[in-house]
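The structure under discussion appears below in the form of structure tokens.
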Amino acid sequence: MTSIPEREAKVHMNMFRRPPMTLVKGQGARVEDSEGKTYVDCVAGIAVDALGHGHPGLAEVIAEQARSLIHVSNLYYTEPQINLAEMLVNASGLDKIFFVNSGAEANEGAIKLARKWGIQNRDGAYTILSTENSFHGRTMTTVAATGTPAYREPFGPPTPGFDFVAYNDFEALEEKVDAQTAAILLEPIQGEGGVNVPDDSYLQKVRELCDRENILLILDEVQTGCGRTGKMFAFEHYGIKPDIMTLAKGLGGGVPIGAVLANEKAAVFQPGDHGSTFGGNVLACAASAFVVDQILNQGVLETANARSEYMDKKIAELEDRSDLVIGQRGKGLLRAIILRDDIAADVVGKGISQGLLSNPVRPNAIRLMPPLTVTEEELDDAFGIIETVLQEFE
Ligand SMILES: Cc1ncc(COP(=O)(O)O)c(C=O)c1O
């Protein structure tokens, strides 16, 4: 019989360098492949599966909603969409929201919003300052906003109006702001760039700069939002609020959904300015409302914080036991274990054969982002595998 990887090679464009196993089901933070082998899932759909796999409550909400309405047009009201909108507006302290289907789309929407605001309110300004090593998505405009040239260079002239400075370098950012600047776009912690946590005062200084210069602060919380860093939104760690925030990934617990939130000042869209067939789809909103309620009101955030502390302990133990581990970066359940050598891809590859899914986010850094509901036992297994694999490299 032809294997799935052989079938894939014939018909699917190779963009992901997948390992040769096919995942078929999951429970909690464990997934199983078609051969019956299980893995601790510390990738969780890249910080998506907030409640883990096979969550019975989430499955029931999706099934129940599917039995009544899966989709109607945004030309009409649906209650789950407005319920979710109220939950996220209340939780964030921002004023208005609209829904999309992914992180890139959320950032596209945020960029359009900021440009319209700048053109109307700052004498036609439309430039957005972003940071080196950032990641904001794969559409033509979000690759133009992404501070990793390799992601945009093969595709011809990028969307104009973006400029870049080093992340966590406030002076460089301050120097770049000029009359053309409409907004600053930042991840509160850079995810794809290597789980880079800025200095405690960085975001506060950026907030003050934006207020002083009358420009918008857009926080891309696609990866850091929805409880991933131990708060509902990562900006809460820093005592500030953005003007615009984007969400996706964990928001639907695996069901595709994204959102753009804005304060009154920045919420300048009028009917006809933007839209989406599927954005705010009733099935996705019902699922997301369940996920957000679990995170905020049903103890998931507390669990995530307890597991984050446990993760600190496990990483510290690993550092004591292995000369190859030289530190860690991250917050909550978004972590990178830093290795002495550039062996992350090999460690992750060997981890898969031992039953662990993790991510080589940098040549010397392994990213762990398990479900927010991960158990201590699942983390024990994950760290046991990492330790065993590292011993092979010592
Ligand atoms: C911070 C950030 N923004 C945007 C995106 C793009 O999201 P999506 O893949 O859903 O388009 C990602 C994805 O990794 C991300 O980490």
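The values are calculated or read from the model by the stated rules, or taken from the named source; none is laboratory data. Keep in mind it's a predicted model, so treat the numbers as computed, not measured. Using ideal geometry, Cβ is built from the backbone for each residue, glycine included, and neighbour counts are taken over all protein chains shown. Just so you know, the surface numbers come from the protein's heavy atoms only, side chains and all, with ligands and any DNA or RNA stripped out. Shrake-Rupley method; radii C 1.70, N 1.55, O 1.52, S 1.80 Å.
Surrounded by fewer than 18 Cβ atoms within 10 Å (Cβ to Cβ) and within 16 Å of the ligand (Cβ to nearest atom): does that describe Thr148? Yes: the conditions hold for Thr148. Residues that are in contact with a strand residue (DSSP E or B) (Cβ under 7 Å, 6 or more places away or on another chain), more than 15 Å from the ligand (Cβ to nearest atom) and open to solvent by 50 Å² or more (accessible area, probe 1.4 Å) within region 103-135 comprise Arg115, Tyr126, listed in sequence order. One residue alone among Glu208, Glu174, Glu187, Glu213 is farther than 30 Å from Ala44 by Cα, at pLDDT 95 or above and touching a strand residue (DSSP E or B) at 6+ places or on another chain (Cβ under 8 Å), and that residue is Glu213. Against the conditions (1) under 19 Å from the mean Cα position of the chain (by Cα); (2) open to solvent by less than 10 Å² (accessible area, probe 1.4 Å), Pro256 satisfies every one except (2). Checked against the criterion of being away from the ligand (no atom under 16 Å from the Cβ) and within 19 Å of Met232 (Cβ to Cβ), region 76-83 has at least one qualifying residue.
Anything in region 165-203 that is open to solvent by 40 Å² or more (accessible area, probe 1.4 Å) and in contact with a Leu (Cβ under 8 Å, 6 or more places away or on another chain)? List them, or say none. Across region 165-203, the qualifying residues are Glu174, Lys176.
Of the residues making up region 180-194, not a single one is without any contact (Cβ under 8 Å) to a residue 40 or more places away in the chain and either in contact with a Gly (Cβ under 7 Å, 6 or more places away or on another chain) or closer than 28 Å to Gly239 by Cβ (or both). In summary, helices (runs of 4 or more DSSP H) completely within region 272-378 and bearing 1 or more residues that are more than 26 Å from Ala234 (Cβ to Cβ) and without any contact (Cβ under 8 Å) to a residue 12 or more places away in the chain occur at 300-321, 344-354.
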